[in-house]
1. Just one of the numbered conditions (1) in contact with an Asp or Glu (Cβ under 9 Å, 6 or more places away or on another chain); (2) in contact (Cβ under 8 Å) with a residue 24 or more places away in the chain is not true of LEU66; which one?
2. How about region 76-99: which of its residues are aliphatic (A, V, I, L, M) and open to solvent by less than 10 Å² (accessible area, probe 1.4 Å)?
3. Look at ALA41 and say whether it is open to solvent by less than 60 Å² (accessible area, probe 1.4 Å), closer than 27 Å to ILE134 by Cα, over 15 Å from the mean Cα position of the chain (by Cα) and touching a residue at least 24 places away in the same chain (Cβ under 8 Å).
4. Among the listed residues LYS49, LYS3, LYS36, identify the single one that is part of a helix (DSSP H, G or I) and out of contact with any Asp or Glu (no Cβ under 7 Å at 6 or more places or on another chain).
5. Would you check which residues across region 101-131 are assigned to a helix (DSSP H, G or I), without any contact (Cβ under 8 Å) to a residue 24 or more places away in the chain and either in contact with a Gly (Cβ under 9 Å, 6 or more places away or on another chain) or buried (at least 17 other Cβ atoms within 10 Å of the Cβ) (or both) and list them?
6. Kindly indicate the residue of region 64-75 that is open to solvent by 50 Å² or more (accessible area, probe 1.4 Å) and in contact with a helix residue (DSSP H, G or I) (Cβ under 7 Å, 6 or more places away or on another chain) and also nearest to LYS167 (Cα to Cα) among those meeting that condition.
7. Look through THR72, THR106 and report the one residue that is of a type in the set (Val, Ile, Thr) and over 17 Å from LYS130 (Cβ atoms).
Amino acid sequence: VEKNYPAPLQIGGRSYPVHVFANVKKKRRIIPNYWKGLALAKFWKEFQKYDIIYLHTGSCAVAAALWPGTRTSLLVYHQHGLQYLDDYSLKTLLQRPFMHLAQCMTDFSFVVTGKEELRAYASGKRIEKKLVQIGSPIECHASDEPEKLIERTGNTFIYVGRLSPVKRVSMVVEAFCAFSQKRGNKVRLLFVGDGGAT
């Protein structure tokens, strides 16, 4: 983003370089950032040596599936939710075709959503067996009795993410209101993120 990228990763005492193949901009962009993933196709030789290629953007997944050098690689597409199906903003409409193509062209897709939501979406589709549901994680290991966490006083909830309609931030507020009505007012809701929530 804006020519800023992470330093080499340090894992287990070893240093792993971060390879950058595209630069996205926050302002003054002619080509939408999402579409820039297609430009990765010209670097296909760089990816020939990988057994698994994990792709987080639909356009990148489509480009990778078209690379001649990835025929023997396992292509995994990671998709954040199915909210885009209800979002008719221009930005989402430009992305939507690539998200559908990515599901079809990769070996399988992780979809961060609920089981029932994914089942309803995938039912009857040719790609049904390639879609894998993964839930948003909740860490309860801090207590021997996780069910008692909800009973304690002073619960604090934190939303971390982009503040945009597609993230359904209003649903977080509604859920928090319902919780606070049952548990009293010794609870807090914090938002960490930026964007244009409505």
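The values are calculated or read from the model by the stated rules, or taken from the named source; none is laboratory data. This one's a predicted model, so the numbers in the text were calculated from it and none came from an experiment. Glycine also receives a Cβ, built like all others from the backbone with ideal geometry; neighbour counts cover every protein chain displayed. Quick note on the areas: whole protein, heavy atoms, side chains included, nothing else; ligands and nucleic acids left out. Shrake-Rupley method; radii C 1.70, N 1.55, O 1.52, S 1.80 Å.
1. (1)
2. If the condition is that a residue be aliphatic (A, V, I, L, M) and open to solvent by less than 10 Å² (accessible area, probe 1.4 Å), then VAL76, LEU82 are the ones that fit.
3. no
4. LYS36
5. LYS115, ALA122
6. Filtering region 64-75 for residues that are open to solvent by 50 Å² or more (accessible area, probe 1.4 Å) and in contact with a helix residue (DSSP H, G or I) (Cβ under 7 Å, 6 or more places away or on another chain), the one nearest to LYS167 (Cα to Cα) comes out as LEU66.
7. Only one candidate qualifies: THR72.
A quick yes/no check of all residues on (1) assigned to a helix (DSSP H, G or I); (2) under 30 Å from GLN79 (Cα atoms); (3) aromatic (Phe, Trp, Tyr); (4) at pLDDT 90 or above:
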{"residue": "ALA142", "(1), (2), (3), (4)": "no, yes, no, no"}
{"residue": "LEU149", "(1), (2), (3), (4)": "yes, no, no, no"}
{"residue": "VAL166", "(1), (2), (3), (4)": "yes, yes, no, no"}
{"residue": "LYS182", "(1), (2), (3), (4)": "yes, no, no, no"}
